[in-house]
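**Student:** Pasting a structure here, questions to come.
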Amino acid sequence: MFRSVRVARLLAPGRAALVEAQRGRKSRTDPVAKSKLGRIKVPPPVDPVEMVVLRERYSDYKLIMRALRVEFKEEVLRRKYEEETGSMAEERARQEAEEHRNLMEFNRQENLRLLQLRIVRIQKETEEAERQKLEEALQREQQQQEFIKQKEEEIVQLQEEAKNFITLENLDQRIEEALDNPKNYNFAVDKAGRVVKQTVLQ
């Protein structure tokens, strides 16, 4: 019994391992100690009168404890019966019903409040999405207009540059102009962009 109690204490969950200090025991194969070789075990003497008195007192103790247990059990069962079927049960059922109604009303009001908040949030999100979609459409249209304008400017510039292109019709004229107006590209400029040195055409 004591060993099982010690094991239960050692294996109790949520507690640190407790190791009780105890005297070492001999195994079954160890010989008898030299100091106890000639010892003869004699049971202690029993007084018959004392034994009778102890038995009577123990019987009375068991009867009293049994009666107390029965009394306590009857009291617990009576209270449980009154709680389940008596006036206390009706009062408790009424209180539980009232509490249930109050909780259901609170739950309904909370659901309505959350529904209104959710509707407002969804409306704001929808308006924001529509506004963002409109802004993106306007931005795409503006980019498209800028792209078209840039391409038109490029076309006009190419048309202006095409007037100076050398073709088979004006090839002789451009050659004569180049010979009549020679250009000297051999010059040096300073940091301000002025020509500081230029060779003479030959």
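The values are calculated or read from the model by the stated rules, or taken from the named source; none is laboratory data. Computed from a predicted model, the values in this text were never measured in an experiment. Note that we place each Cβ from the backbone using ideal geometry, even for glycine, and neighbour counts take in every protein chain shown. Accessible surface areas use protein heavy atoms only, side chains included; no ligands, DNA or RNA. Shrake-Rupley method; radii C 1.70, N 1.55, O 1.52, S 1.80 Å.
**Student:** Would it be correct to say that Phe165 is aromatic (Phe, Trp, Tyr) and surrounded by 10 or more Cβ atoms within 10 Å (Cβ to Cβ)?
**Tutor:** no
**Student:** Those residues that are surrounded by 10 or more Cβ atoms within 10 Å (Cβ to Cβ) and among the charged types (D, E, K, R), I need them from segment 177-187; list them, please.
**Tutor:** Glu177
**Student:** Taking the stated definitions as given, is Asn102 open to solvent by less than 100 Å² (accessible area, probe 1.4 Å), on the phi < 0 side of the Ramachandran plot and either aromatic (Phe, Trp, Tyr) or not in a helix (DSSP H, G or I) (or both)?
**Tutor:** Spelling it out, it is not the case that Asn102 is open to solvent by less than 100 Å² (accessible area, probe 1.4 Å), on the phi < 0 side of the Ramachandran plot and either aromatic (Phe, Trp, Tyr) or not in a helix (DSSP H, G or I) (or both).
**Student:** Another one. Can you pull out every residue in segment 171-196 that is free of Cβ contacts under 8 Å to residues at least 12 places away in the same chain and either of a type in the set (Val, Ile, Thr) or in contact with a Ser or Thr (Cβ under 8 Å, 6 or more places away or on another chain) (or both)?
**Tutor:** Within segment 171-196, Ile175, Val189, Val195, Val196 qualify.
Every residue, every condition in (1) open to solvent by 90 Å² or more (accessible area, probe 1.4 Å); (2) in a helix (DSSP H, G or I), yes or no:
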| residue | (1), (2) |
| --- | --- |
| Asn107 | no, yes |
| Leu115 | no, yes |
| Val120 | no, yes |
| Thr126 | no, yes |
| Ala137 | no, yes |
| Lys149 | yes, yes |
| Leu158 | yes, yes |
| Glu161 | no, yes |
| Glu169 | yes, no |
